[in-house]
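**Student:** Structure provided below as structure tokens; questions to follow.
The values are calculated or read from the model by the stated rules, or taken from the named source; none is laboratory data. Note that the coordinates shown come from a computational prediction; the quantities given were computed from them, not determined experimentally. No Cβ is skipped: glycine too gets one built from the backbone with ideal geometry, and neighbour counts run over all protein chains shown.
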Amino acid sequence: MAGLPRLVVLLLLVFAVPVAQPTPYSDNLQDACNKTLFPKVCIQSLTTNPETRTADARRLAELSVYVAKEVGTTVAAFAHHELSGVKEDTLFKCLDGCSDDIEETVAHLSALTREPTCAKFLEIKSWLSATLGGSNTCEETCKDAPISDVKNAVVTKSLEFEKLLRVTLDLITEASGPMPAAGAAVAPTAWDSGAPGSYGASTSGSYGSSASGSYGSSAPDPRPGPATALLRPIRQH
């Protein structure tokens, strides 16, 4: 019994040591996102996909393209839906111009998801670099439109979408080094195409409409997480 107090003390010391709580994302995702301009946006957009725990830099970039495509689809659908209730001419042009610009971006992203070759990755990298070089197109289009809730909502969602595009560009840039020769196809990754999508036709909530699919892409997309979460304003520290 003499050793009992010593055992009790030992047990108290063991249980007093804080246990490291596992993070919902892997170190490789954290490291990759830290190299982007918006690490929090990067983590938020990819962390709900379990594949990111083991994905290499190339696959993380590919998954980010899928997320950006679906978020862009949702934002464009929201802007289109709000057009039906707009009577003021400059506000109509604001929403129409924003949705058109976002749809063009989605079309480029969709081309990569249909054919995820290295050549397509480098092509979208070049296009995003040129597109993200200046001011926000939607914000510029809407500068003369009267202040309204719908204008603020569309411009805000567009700015958040642009942050996600910037993250996607940074991930592609980071992954472009080890890419094989241009034109080489990427081996397909299995996922549950029968599971209900986080985006697409069932998207609802603050967007006010059903988002369309993937702009002509017939390939099933991975399910990285709720698109709506990505479009909430994100504070940068």
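**Student:** Given Ala111, Ala119, Ala79, which one is among the aliphatic types (A, V, I, L, M) and within 16 Å of Ser158 (Cβ to Cβ)?
**Tutor:** Details: Ala111 fails: within 16 Å of Ser158 (Cβ to Cβ); Ala119 fails: within 16 Å of Ser158 (Cβ to Cβ).
Only one candidate qualifies: Ala79.
**Student:** Of everything in segment 5-64, what is modelled with pLDDT under 65 and surrounded by 13 or more Cβ atoms within 10 Å (Cβ to Cβ)? Give them in sequence order.
**Tutor:** Passing the criteria: only Tyr25.
**Student:** State the number of residues belonging to segment 118-146 that are small (Gly, Ala, Ser), closer than 19 Å to Val106 by Cα and not in a helix (DSSP H, G or I).
**Tutor:** 3
**Student:** Can you pull out the residues in segment 114-150 that are surrounded by fewer than 19 Cβ atoms within 10 Å (Cβ to Cβ) and of a type in the set (Gly, Ala, Ser)?
**Tutor:** Once the filter is applied, which keeps residues that are surrounded by fewer than 19 Cβ atoms within 10 Å (Cβ to Cβ) and of a type in the set (Gly, Ala, Ser), segment 114-150 yields Ala119, Ser126, Ser129, Ala130, Gly133, Gly134, Ser135, Ser148.
**Student:** Kindly establish whether Cys142 is touching a Pro at 6+ places or on another chain (Cβ under 9 Å) and touching a residue at least 12 places away in the same chain (Cβ under 8 Å).
**Tutor:** Values: touching a Pro at 6+ places or on another chain (Cβ under 9 Å): no; touching a residue at least 12 places away in the same chain (Cβ under 8 Å): yes.
Spelling it out, it is not the case that Cys142 is touching a Pro at 6+ places or on another chain (Cβ under 9 Å) and touching a residue at least 12 places away in the same chain (Cβ under 8 Å).
**Student:** Return yes or no: is Ala153 in contact with a Lys or Arg (Cβ under 6 Å, 6 or more places away or on another chain), of a type in the set (Gly, Ala, Ser) and either farther than 13 Å from Ala76 by Cβ or buried (at least 16 other Cβ atoms within 10 Å of the Cβ) (or both)?
**Tutor:** no
**Student:** If you check Thr117, Thr73, Thr105, which single one turns out to be among the β-branched types (Val, Ile, Thr), in contact with a strand residue (DSSP E or B) (Cβ under 6 Å, 6 or more places away or on another chain) and under 30 Å from Glu51 (Cβ atoms)?
**Tutor:** Thr117
**Student:** Which of the residues that make up segment 65-105 are among the β-branched types (Val, Ile, Thr) and either closer than 27 Å to Cys118 by Cα or surrounded by 18 or more Cβ atoms within 10 Å (Cβ to Cβ) (or both)?
**Tutor:** Looking only at segment 65-105, we keep the residues that are among the β-branched types (Val, Ile, Thr), and these are 65, 67, 71, 73-75, 86, 90, 102, 105.
Matches in segment 65-105: Val65, Val67, Val71, Thr73, Thr74, Val75, Val86, Ile102, Thr105.
**Student:** When you look at Leu63, is it in a helix (DSSP H, G or I) and either under 18 Å from Val41 (Cβ atoms) or among the hydroxyl-bearing types (Ser, Thr, Tyr) (or both), yes or no?
**Tutor:** yes
**Student:** Within segment 147-180, can you find the residues that are over 28 Å from Ala55 (Cα atoms) and in a loop (DSSP other than H, G, I, E, B)?
**Tutor:** Selection gives Ile147, Ser148.
**Student:** Scan segment 26-55 and report the pairs whose first residue is under 25 Å from Lys157 (Cα atoms) and whose second residue is assigned to a helix (DSSP H, G or I) and hydroxyl-bearing (Ser, Thr, Tyr), with Cβ atoms within less than 6 Å and a gap of 6+ or a chain change.
**Tutor:** Listed pairs, sorted by first residue: Leu29/Thr52; Leu46/Thr52.
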